[in-house]
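Laboratory data are not the source of any read-out in this text; all were calculated from the coordinates shown. Quick caveat, the model's predicted, so the values are computed rather than measured. Cβ coordinates were reconstructed from backbone atoms using ideal geometry, including for glycine residues, and neighbour counts include every protein chain displayed.
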């Protein structure tokens, strides 16, 4: 009987010791993780001159009409064509060249593709691309990009003036969303 009592007491002591160890282990682990996180946060949050803002278009205006929306630079000019359900934006007055255009096209994608295939212009390159999460057709040369996509029975035509001096046109395209 004494032997059984000793075994019972020894087991109780071991269980108590294990419980104490388990209770202390997470505190140590949390303290170690906190110091690692603090170190990582200090490195990540260090200001850097070469870091870009998370969203360069955050302060841009938003255009929303005709079943699409996009952001464009605040200083740019916007011109609407209600009959064509189209709009263009440009960094200068519209007597010059527009840099971004989007509108509704009455043709189907297959008709547009057929029309481009009959052209004998070797400078035009056709690509399959994605715009606003949808498959689109792009026909481009060294200066312009014509992009066509279809959604819910409508075909949208997008024109970009491609220039390294005005990269905003591609940024505008990246913000385009179809809303209907």
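Highest mean first, what order results for 69-81, 148-160 on Cβ atoms within 10 Å? Don't skip to the end; give the middle numbers.
Details: 69-81: 15.8, 148-160: 17.8.
In descending order of packing, they fall as 148-160, 69-81.
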Response to the item:
Shape call for the range 108-161, from the Cα gyration tensor axes a ≥ b ≥ c (a/c under 1.5 means rounded, otherwise prolate when a/b beats b/c, else oblate), comes out oblate
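For 89, 129, what's the fewest-to-most ordering of other Cβ within 10 Å of each Cβ? Intermediate results must be reported in sequence, preceding the final value.
Numbers: 89 23, 129 14.
By the 10 Å Cβ count, ascending, the order reads 129, 89.
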Worksheet item: When the label point is put 7 Å from the Cα of residue 180 along its Cα-to-beta-carbon vector, which residues of the range 136-158 have a backbone N closer than 18 Å?
Response: 149-158
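Taking all pairs of distinct Cα atoms, average 1/r, flip it, and tell me the Kirkwood hydrodynamic radius of the range 61-178 in Å to one decimal place. Intermediate values should be presented prior to the final figure.
Working: mean 1/r = 0.0682 Å⁻¹.
Across the range 61-178, the inverse of the average 1/r is 14.7 Å.
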Discussion item. Give me the one-decimal nm value for the distance between modelled label points at residue 142 and residue 116, 7 Å along each residue's Cα-to-Cβ direction.
Written reply: 2.0
Worksheet, complete the sentence: To the nearest 0.05, the calculated FRET efficiency linking residue 124 and residue 62 through their beta-carbon distance, R0 being 30 Å, is 0.40
Worksheet, complete the sentence: Per the rule of 0.36 nm per residue minus the C-alpha distance, extending residue 107 to residue 135 adds in nm 8.4 nm
Worksheet item: In nm, to one decimal, how far is the modelled label at residue 83 from the one at residue 162, with both set 7 Å along Cα→Cβ?
Response: 3.2
